[in-house]
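Below is one structure, written out as structure tokens; comments come after it.
The values are calculated or read from the model by the stated rules, or taken from the named source; none is laboratory data. From a predicted model like this one, the values you see are computed outputs, not experimental measurements. Don't worry about glycine lacking a Cβ; one is built from the backbone with ideal geometry, like all the others, and counts go over all protein chains shown. The area values use the complete protein model at the heavy-atom level, side chains included, leaving out ligands, DNA and RNA. Shrake-Rupley method; radii C 1.70, N 1.55, O 1.52, S 1.80 Å.
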Amino acid sequence: MSYPYQIKSIEQYHQDYKKSVDDPDSFWGAIAQHFQWRKKWDKVLEWNFKEPNVKWFEGGKLNITENCIDRHLATMGEKPAIIWEPNDPNDRVRIVTYNRLHKRVCQVAQMLKNNGVQKGDRVCIYMGMVPELAYAVLGCARIGAIHSVIFGGFSVQSIKDRLEDTGAAFIITCDGAFRGGKDIPLKSVIDDALVGNNLVKKVIVYTRTRTPVSMIKGRDIWWEDEMANAEDQLEAKGPISFPAEEMDAEDPLFILYTSGSTGKPKGVVHTTAGYMIWTTYTFVNTFQYNPGDVYFCTADIGWITGHSYIVYGPLAAGATSLMFEGIPTYPDAGRFWDIIDRHKVNILYTAPTAIRSLMGFGLDPINGKDLSSLKVLGSVGEPINEEAWHWYDKNIGKSKCPIIDTWWQTETGGTMISTLANVTPARPSWATLPLPGVQPILVDENGKEVIQKDDQGLWKGNLCIKAPWPGMLRTTWGDHERCRTNYFAAYENLYFTGDGALKDADGNYRITGRVDDVLNVSGHRIGTAELENAINMHTGVVESAIVGYPHDIKGQGIYAYVIYQGHHGDDELRRQDILQTVTRIIGPIAKPDKIQFVTGLPKTRSGKIMRRILRKIAEGDVSNLGDITTLLDPGVVEEIIKGRI
Ligand code: WTA
């Protein structure tokens, strides 16, 4: 069995691609029929990129959880929806069948209703990678509440900002989360974030680590008690079921924050029908998923990859999605390979940074592990370098599994450019061809399409998309103008990705990385402005500038140039203090790898920091810094070079 919209040959790919561009309405209308609707749409697509205003399947009514769960029950009720692998390999594995998932999601829906959550309310979710996180997300979707998952690596100030921006009155969290040898005290971080917050009415706490937590009467309640309660209530009415809220196709499904080139993270808003269809379609086609395959995505649900390709896409396709609580190096660097062996994983989807870090442990952790179940390997989050690609291909795929390099973004909802496993050809470090519905274009600084090839015979430019696809962001929460200026104002009538790319004569794309002030550290987006703001909050810091530099494992490392004034401690202590500050304000993921104290920064006469120069110095390439005579104080460059770390 396969999916009616599954692309089976390269000829079909070209045909479908053409159809999707020539007549998107009939192309996507035909695919949408394979989903479950309460009411059919009136119009497939309406759009302009000026405002922007993008609407898919307007007039259609549905609930995404009926598509992810209910419609599978008759035929696949006892099939595993989620296989959960705990942090500690000796703990109990949990297999969540579609029937069980249905029951739990209905209970969560009832629990949320009991606590006053209504359609359209925002619910912030700050949990470790436990099945309850998936139940929480889907429970919100069941009643039409808008979830906003906050990655467990973010700390107090980031949570405060997100609570404020979403206006959430409800939080779902855990006492703590296990990650490798660590126990991260999530509830206590939430408590700190709630100081001075008057909006949050209820905090639901799931018990995972048994870390002692403070529980405030009237506000904090236990997940276990509430779920038991909900179960009793539902059971009193017969077999457990909770009616799904009827949602408009364009009703918001979730908000997910992501860093951009401006100071504060943006709340990217995805809506219901288009996102569902896009994640399912791309999931089935890029991985060439076949029913029964065991699929393992190593991302965290706190990021878009987890939303789209652990929860929504796979479940809507009736797949078996393996969810892993821990980290690739715990208890040792063979953990991924143990999991693949243990659960006979067929499809592995991970990030180049994980591959590079595991490469460093050599082949010992792989030896003796049976990886023969693997059929397809995926990569996401950053450009995969050739060395990592070949290592992955040879040692994990045993040279028989296609590697799909999936390029996409939080804003795109799902994969945009990727090889389709066994259908279109893969090529190391190239994302290759756009999915049907995706119309990329490379432009120069002025927004003109790049016509001239470079000396390698490639087109090189800023990557934009010409027309809407079903999974694209619709707005940024609470500030539509910000969405316009960030994505649709740089070039007229184009969505600008912020990435640079190369294209060859066959239409293949190679993503070269960000062209804006956003770093990609271990596959996580970090805005330099946001990080500078955090560093500048330290009492002693006068000014700072952040640049990226090549890092063997993380892809990009964070280099901070800091002007410091004060007498507290020595340089080492000051560095530690700055790291602590960043950890408090953003989270440990944003900690700089290197901090260099300087007395000045290279600035233009208009006061703009010349990051190009700082980047070169951080990279250790000081031979050709370009013209520095126009700088306000050229002397500062010499000093910075001398003090380089
Ligand atoms: C980068 C993650 C090259 C890119 C899904 C993009 C990639 C940013 C790839 C989005 C890839 C992601 N090849 N670069 N296969 N995948 N990127 O929002 O710079 O966390 O703009 O979404 O990651 O990161 P985000």
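What ratio of Cα Rg to 2.2 N^0.38 Å holds for region 367-422?
1.23
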Practice item. Express the accessible area of region 98-245 per residue in Å², computed with a 1.4 Å probe while the remaining protein chains stay in the model. Key: 36
Check your understanding: How high is the FRET efficiency between V622 and T599 when r is their beta carbon distance and R₀ equals 22 Å, given to the nearest 0.05?
Key -> 0.75
Exercise for review: Could you tell me whether region 138-222 comes out rounded, prolate or oblate from its Cα gyration tensor? Rule is a ≥ b ≥ c as square roots of the eigenvalues, rounded for a/c under 1.5, then prolate if a/b exceeds b/c, otherwise oblate.
Suggested key: rounded
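Which whole number of Å³ per residue matches the convex hull of the alpha-carbon atoms in region 98-245?
Values: hull volume 15.2 nm³, N = 148.
Cα-based convex hull of region 98-245, divided per residue, equals 103 Å³.
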Practice item. Calculate one ³J(HN,Hα) per residue across region 469-475 by plugging θ = phi - 60° into the Karplus curve 6.51 cos²θ - 1.76 cosθ + 1.60, and present them in order as whole Hz with x for glycine and proline. Key: 10, x, x, 6, 4, 9, 6
**Study point:** Amide hydrogen neighbours beyond the local backbone of K182, cut-off 5 Å, H modeled
**Key:** none
Study note, to complete from the structure: Partner lysines whose C-alpha sits under 20 Å from that of K642, ignoring same-chain residues fewer than 8 away, are K594, K603, K616
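Okay, helix-only estimate at 222 nm for the chain: each DSSP H run of n ≥ 4 adds -39500 (n - 2.57), divide by all residues, round to 500 deg cm²/dmol; what do you get? Before the final figure, lay out each step's value.
Details: 18 runs with 177 residues, N = 645.
It lands at -8000 deg cm²/dmol.
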Review point. Does region 518-642 come out rounded, prolate or oblate, given a ≥ b ≥ c as the square roots of the eigenvalues of its C-alpha gyration tensor, rounded meaning a/c under 1.5 and, failing that, prolate meaning a/b above b/c?
Key: oblate
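Which order do the peptides 65-73, 492-500, 226-234 come out in when sorted by mean C-beta neighbours inside 10 angstrom, highest first? Before the final figure, lay out the partial values.
Working: 65-73: 22.8, 492-500: 18.9, 226-234: 17.2.
So the order, starting with the most tightly packed, is 65-73, 492-500, 226-234.
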Revision key, fill the gap. Amide H proximity to N53 below 5 Å, modelled H, separation 5+ or other chain, gives N48
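So, for region 13-56, what is the accessible surface per residue at a probe of 1.4 Å, expressed in square angstrom?
Working: 2520 Å² over 44 residues.
Computed with neighbouring chains in place, this is 57 Å² per residue.
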Study note, to complete from the structure: In nanometres, the difference between 0.36 nm per residue of separation and the alpha-carbon distance of R342 and K119 is 76.2 nm
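Lys and Arg at +1, Asp and Glu at -1: add these up for the other residues within a Cβ distance under 11 Å of M227 and post the number. Please list the in-between numbers first.
Numbers: positive: K103, R104; negative: E132, E224, D225, E226, E231, D232.
Charge balance near M227 sits at -4.
Using the heavy atoms of the protein chains and a 1.4 angstrom probe, tell me the accessible area per residue for region 545-645 in square angstrom.
Numbers: 5160 Å² over 101 residues.
Roughly 51 Å² per residue, with all protein chains present.
R0 = 22 Å: FRET efficiency of D444 with D25, Cβ-based, nearest 0.05? Don't skip to the end; give the middle numbers.
On the way: r = 32 Å, r/R0 = 1.44.
Computed FRET efficiency for D444 and D25 comes out at 0.10.
With N set to the number of residues, divide the alpha-carbon radius of gyration of region 174-317 by 2.2 N^0.38 Å and report two decimals.
On the way: Rg = 18.8 Å, N = 144, 2.2 N^0.38 = 14.5 Å.
Output field value: 1.29.
Based on DSSP, what percent of beta bridges with both residues in the chain are antiparallel, to the nearest 5? List each step's numbers first, then the result.
Values: 60 of 100 bridges.
Given both bridge residues lie in the chain, the antiparallel proportion sits at roughly 60 percent.
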Review point. Distance from the Cα centre of region 561-616 to that of region 450-476, in angstrom?
Key: 34
Check your understanding: Which order do peptides 154-161, 277-284 fall in by mean Cβ count within 10 Å, highest first?
Key -> 277-284, 154-161
Review point. Of all accessible surface on the chain at a 1.4 Å probe, what whole percent is carbon and sulfur?
Key: 49
Practice item. With the convex hull built on the Cα atoms of the chain, state its orientation-averaged projected area in nm². Key: 29.0
Check your understanding: Classify region 257-362: rounded, prolate or oblate, from the alpha-carbon gyration tensor (a ≥ b ≥ c, eigenvalue square roots; a/c under 1.5 rounded; otherwise prolate if a/b is larger than b/c)?
Key -> oblate
